[in-house]
Structure formats: C-alpha cells, structure tokens
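**Q** Mind looking over this structure? Questions follow.
The values are calculated or read from the model by the stated rules, or taken from the named source; none is laboratory data. The structure presented is a predicted model; accordingly, all values stated were derived computationally and were not measured. Every residue, glycine among them, receives a Cβ derived from its backbone with ideal geometry; neighbour counts consider all protein chains shown. Please note that ligands, DNA and RNA were not included when accessible areas were found on the heavy atoms of the full protein model with its side chains. Shrake-Rupley method; radii C 1.70, N 1.55, O 1.52, S 1.80 Å.
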Amino acid sequence: MSMVDEPLYPIAVLIDELKNDDIQLRLNSIRRLSTIARALGEERTRKELIPFLSENNDDDDEVLLAMAEELGVFIPYVGGVEHAHVLLPPLETLCTVEETCVRDKAVESLCRIGSQMRESDLVDWFIPLVKRLAAGEWFTARVSACGLFHIAYPSASDMLKTELRSIYTQLCQDDMPMVRRSAASNLGKFAATVEPAHLKTDIMSIFEDLTQDDQDSVRLLAVEGCAALGKLLEPQDCVAHILPVIVNFSQDKSWRVRYMVANQLYELCEAVGPEPTRTDLVPAYVRLLRDNEAEVRIAAAGKVTKFCRILNPELSIQHILPCVKELSSDSSQHVRSALASVIMGMAPVLGKDATIEQLLPIFLSLLKDEFPDVRLNIISKLDQVNQVIGIDLLSQSLLPAIVELAEDRHWRVRLAIIEYIPLLASQLGVGFFDDKLGGLCMQWLQDKVYSIRDAAANNLKRLAEEFGPEWAMQHIIPQVLEMISNPHYLYRMTILRAVSLLAPVMGPEITCSKLLPVVVSVSKDRVPNIKFNVAKVLQSLIPIVDQSVVEKTIRPCLVELSEDPDVDVRFFASQAIQSIDNLMMSS
C-alpha cells in the first residue's frame, strides 16, 4: 500500500470491521475508536468518522453501549470544545434505542459533553437536541430527554427557560409511565438549576402532580424528590409543601412507596428541621416501624439509630423504644437482623440508665435469636455498648451469652466471637480473661472448621501482643505445644501455624528454647503436609533466631527434609535453605 493511501487505511478497516458478522470484532473496533481518531486527525474525524458512526445502524446492544461510552470522552479527538457539537448527532440516535443501559450511557455522555460546551453552542446545538428528544414520537427519546434538562437550562435565555420548564411539565404528565418515572427521578437535578422564584411555582406544581400519580413506581421516585427539593427550599416552604407529602406517603397504599419513605426518612428529617420532625415525622416513623409489610419494617429498623440521634433521648424512649421492643421479637428474621445491625448504636444516644434498663434485655434476646445473622450483628457491635455501660455490667449480663455463642453450631458466629475476643480481652483485663475466656481460645484450635482454627491461631498472636510474652509463656505456649501430639494431622498443622505467628511476638530467646525444638521434632512426622509446613515455619523463624542457631539446628533439619521422598517437602525445604544462603550472603 502506497504512503498516499495510508490515512485512508484506518477508516476502511473500521468500516469493514463494523460490518463484520463477528460481534467481538465489531466491539474491538469500537473500543479502538480513539486510536483510529488519532490516526485520522481532528478534521477527518469530524468529517468522516463521526458521520459514519451516526449512520451506523448496528443492532447489537453491547456494541452500541461501547459506542455511547467512547463518544463521551471524544472531545479532544474532534478538535476540542469548539467542535464538541459534532458529537451530538450519534449520541442523539443512541438516546432513542430500546435498550435502557445504552440510553443511560448515551445520556451520561451527553451530560459530560454538554457540561464542557460553550454557552453559545449549548443554545445553538444542545437545547434544540433536548427539545427534539422531548417531542420524540417514541417514548425512549422522551425518557432520555428528562436526564438532559439540568445541563441545558442554565445557559438558556429567559424565553427558552420558560419553554424548557413547560416542556418538563408536559413530560411529567406524559401518557407513558416510563417517561413520568424518568421525569420524577431527574426532578431533583433539574430543580437545582431553576431560579428560586420558579422553584416555588413551576417545580412545586410539577412535584405535586407526580406525588399524586396513579403509578406507584412514579410516586416512589417522587419520594427521592422530597429530600432533594427539601434541601433547595427555605425551611418554612419545606414544612408547607414537602412535609404533608411525606406524611401522606408514609401511609401510601403501595408498600414500595412506604419502603422508600422509610429508607429516605432520615434525609427528609434533615430537610424539614427538628421541630416538624418531632411533631409530624415521629408518628409517621412509628407507623413505618409497625408496618404490616416486612420490607418496610426492615428499612425502618435499619434507620432507628440515625433517627434517634435527631430526637432527644426522652422522645426516643417514649416513642421509638416501644417499637424497638416489638421489632426484637418480629416474626421476620430479616427485620430482627436489620435491627440487630444498628441497635447497639442506640446505647450512646439513650445514655447509661436507659441502656441498662431498656436496651440490655433486648440485646440479650437478640443474642439468643435462632437466626445466626441476628446473633452475628449484635456480637460485631458490642464495643459500642461497652463504652456506655462499662465492663462490669457488660461482663455480668452479656458474657454468659457470649460464652454460649463461642460454641454456636454456625461456624460464622463462632468466627465473629473469635474476632471479637482480643477487643474483649483488652476491655476485660487479664485476670477476668483467664478466668472466663482462656479455655475457649484453646478449644477453638481443635475446631472442625479450618477458618475457625486459622482465626484461633491469629487470635493467640493478638492476645500475646495484648498481654505480653510473659503472660503468653505461662498461659498459651504450654497448652499449644501440648497439642502438637494430636493424632489428627490437620490439628498438628494448626499448631505449626500458631507457632509461626507466636514466634515474632515471643522473641528469639523463647523461640529458641521452647518453640524451635517442637518444630524440629515434628519434622520426623509421617505426613508429608506436616513436613513441608515444618520447612515453611523454619523459614519464617530464620530472621528471628540467632545465626548460630540457624546453622546448628535449622539447617541440618532442612537438609534432611530436602532429601525426603515427597516432591513438595523437597521443594519447600530447598526454598528455606535458599533463604538461609541469601541471608548469609547479604550479611
């Protein structure tokens, strides 16, 4: 091919590949658009590549999605911001396709391009595009149009602004629920760009229409609009216009709408301010906590701590706590689980006395719940209660339940308890710990589940760090080393793992006198898995112990293992010997 034809080559290849039957080829060529544009240069990209893409009528959604994404970052390849408008026609076409994710990506790319365009270009090119889409015959175009108003509106003239507001009003009254849904979900973004005077009149009347829509899918999106509009309005307007809507929505006939209110209520409270929250929203929230649909109760229960933070403790105890008690014995395990994940946060809000009197019994009942996730959620947040009621009370009331859970039949619950033990140990102090929890920590090393044994080994290391090597020498090391003669090789492997974790904490002296001899003795084990784990542990001990010990004790043991009949044992032993040699050379 001659040099003259060279620039034609990329576009010719692209055209061939985009017409190929193989979808992967078409996808790859779309993903290489930026490379092709660089090869063509800015002018030819504008005059040849973009028009070609506008006419490209590929019917595969994956290819169209990739194209919508690529075009969003294409401004540098068409000659910068002054030529950005040439990218609008192909994206306008993509805004009308049937597949939702392609339209969403096209709208996202149009917003990205529109936010960089010059004001005059927005008026000449972008606003007419929005108007064309909004008047589209097919509903997909009108759905896409709703997401572009917040980009088009700020740069429009007053006359155009009036027109855009009236077009948006029409979209909110469209015959197709999908269009009204899109208008409802984008209302917050559009409202943020509208002047305060029109916000109270035009936008609020649009909003009121949406809140009375006969489709629950539209109304539930209007709930999100409540929070967004509430932040834009003055507090008194918010109370006048938004508050009644929220209260009505909390009693809506559709549980989906009530679910949205329960999810958004905290944000809505921030919008209307503390006084209306106390008088109007507390009763609404109590209704949601007692809703007859479990999904609504789950959403409401998950926000109980956040909601109590807005109220004073007296109001929380008077109105919210009775509902919390009911929810703790709810018929749905998911409601109890949602409550368990946040209820601990109520302790600091309610204070010591109310926690001891009212919350502790609820904690205990949730700790004994038959559903493991409920128990897990309580265990993982215990430290929040400890800060409020103190360790003495915690240990008297909750510790028996914790000890019981340490032997729970669900291994994930046992795992959560293990992970909580070091924190508990630091709070309880060494005396109390030895008394109540020491035995459990050893028991877990012989659990049937590997994750528990591994967590138990890590737990011993963290306890040794917490209470110091002397305590560990007395309370951990003897019991651990005793277990090395367990008849089951998996338990012996756990002990080797514990030794490798404890050695750095215990220091060189105890490692040499107590831990190393045991590891060396296990190198004669009949199970290859144990032997290659011995090689790994010895390798981890090399930096901890003295050089003379390495040569006198560790190397001979490894040399013996490197001649083992098992290939894996030989491999790990040789690796360990190699690391001794490397250490010698570097020192």
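**Q** Within region 205-225, how many residues turn out to be of a type outside the set (G, A, S) and out of contact with any Leu (no Cβ under 8 Å at 6 or more places or on another chain)?
**A** So the answer is 11.
**Q** Considering each of E137, E98, E82 in turn, give the residue that is of a type in the set (D, E, K, R), open to solvent by 50 Å² or more (accessible area, probe 1.4 Å), touching a residue at least 24 places away in the same chain (Cβ under 8 Å) and part of a loop (DSSP other than H, G, I, E, B).
**A** Checking each option against the conditions leaves just E98.
**Q** Which condition breaks for R497 when tested against (1) of a type outside the set (S, T, N, Q); (2) free of Cβ contacts under 8 Å to residues at least 40 places away in the same chain; (3) open to solvent by 70 Å² or more (accessible area, probe 1.4 Å)?
**A** (2)
**Q** Keeping to region 279-317, report how many residues are farther than 24 Å from W255 by Cα and not small (G, A, S).
**A** Summing the residues that are farther than 24 Å from W255 by Cα and not small (G, A, S) in region 279-317 gives 8.
**Q** Return a yes/no flag: does region 256-265 have any residue that is farther than 16 Å from I320 by Cβ, of a type in the set (F, W, Y) and open to solvent by 20 Å² or more (accessible area, probe 1.4 Å).
**A** The answer is yes, given that some residue of region 256-265 is farther than 16 Å from I320 by Cβ, of a type in the set (F, W, Y) and open to solvent by 20 Å² or more (accessible area, probe 1.4 Å).
**Q** So Q116 passes all but one of these: (1) open to solvent by 40 Å² or more (accessible area, probe 1.4 Å); (2) assigned to a helix (DSSP H, G or I). Which condition number does it fail?
**A** The number of the failed condition is (2).
**Q** Under 9 Å between Cβ atoms, which residue pairs at least 6 apart in sequence (or on different chains) link something in region 353-364 that is free of Cβ contacts under 8 Å to residues at least 12 places away in the same chain with a partner that is open to solvent by 40 Å² or more (accessible area, probe 1.4 Å) and assigned to a helix (DSSP H, G or I)?
**A** Taking only residues 6 or more apart or on different chains, the pairs are P361/K325.
**Q** Let me ask something else. Count, please, the residues in region 507-517 that happen to be over 13 Å from I554 (Cβ atoms) and open to solvent by less than 30 Å² (accessible area, probe 1.4 Å).
**A** Final tally of qualifying residues: 1.
**Q** Any chance you could count how many residues in region 537-570 are more than 41 Å from the chain's Cα centre (by Cα) and either at positive phi or not basic (K, R) (or both)?
**A** Qualifying residue count, region 537-570: 22.
**Q** Output the residues belonging to region 28-74 that are within 14 Å of S109 (Cβ to Cβ) and of a type in the set (D, E, K, R).
**A** E69, E70
**Q** Out of the residues in region 528-558 that are open to solvent by 40 Å² or more (accessible area, probe 1.4 Å) and among the basic types (K, R), which is nearest to Y491 (Cα to Cα)?
**A** K536
**Q** Give, as residue ranges, the helices (runs of 4 or more DSSP H) completely inside region 446-536 that count at least 2 residues that are more than 42 Å from the chain's Cα centre (by Cα).
**A** Qualifying helices (runs of 4 or more DSSP H): 477-482, 516-522.
**Q** Ok, one more. Could you check region 343-366 and list, in sequence order, the residues that are assigned to a helix (DSSP H, G or I), at pLDDT below 80 and open to solvent by 20 Å² or more (accessible area, probe 1.4 Å)?
**A** P348, V349, K352, D353, I356, E357, Q358, L364
**Q** Okay, moving on. Quick check on region 213-235: of everything there that is out of contact with any Lys or Arg (no Cβ under 8 Å at 6 or more places or on another chain) and open to solvent by 40 Å² or more (accessible area, probe 1.4 Å), which residue is farthest from T169 (Cα to Cα)?
**A** Top of the filtered list is P235.
**Q** Among the residues that make up region 67-74, is at least one of them β-branched (V, I, T) and within 37 Å of the chain's Cα centre (by Cα)?
**A** yes
**Q** Anything in region 29-40 that is over 40 Å from the mean Cα position of the chain (by Cα) and closer than 14 Å to V86 by Cβ? List them, or say none.
**A** Residue satisfying the conditions is L40 alone.
**Q** Of everything in region 271-293, what is open to solvent by 10 Å² or more (accessible area, probe 1.4 Å) and under 24 Å from S332 (Cβ atoms)? Give them in sequence order.
**A** Within region 271-293, P283, V286, R287, R290, D291, N292, E293 qualify.
**Q** In addition: How many residues does region 57-79 hold that are outside any helix (DSSP H, G or I), under 17 Å from E99 (Cα atoms) and either open to solvent by less than 30 Å² (accessible area, probe 1.4 Å) or hydrophobic (A, V, I, L, M, F, W, C) (or both)?
**A** Residues flagged as outside any helix (DSSP H, G or I), under 17 Å from E99 (Cα atoms) and either open to solvent by less than 30 Å² (accessible area, probe 1.4 Å) or hydrophobic (A, V, I, L, M, F, W, C) (or both) within region 57-79 amount to 1.
**Q** Can we say N248 is polar (S, T, N, Q), open to solvent by less than 60 Å² (accessible area, probe 1.4 Å) and either in contact with a helix residue (DSSP H, G or I) (Cβ under 6 Å, 6 or more places away or on another chain) or in a helix (DSSP H, G or I) (or both)?
**A** no
**Q** Another question, then. Any residue in region 432-443 that's open to solvent by less than 20 Å² (accessible area, probe 1.4 Å): show its pairings with residues that are at pLDDT 75 or above and not in a helix (DSSP H, G or I) at Cβ separation under 6 Å, as long as the two are six or more apart or on different chains.
**A** If the second residue must be at pLDDT 75 or above and not in a helix (DSSP H, G or I), the pairs left are L440/A406.
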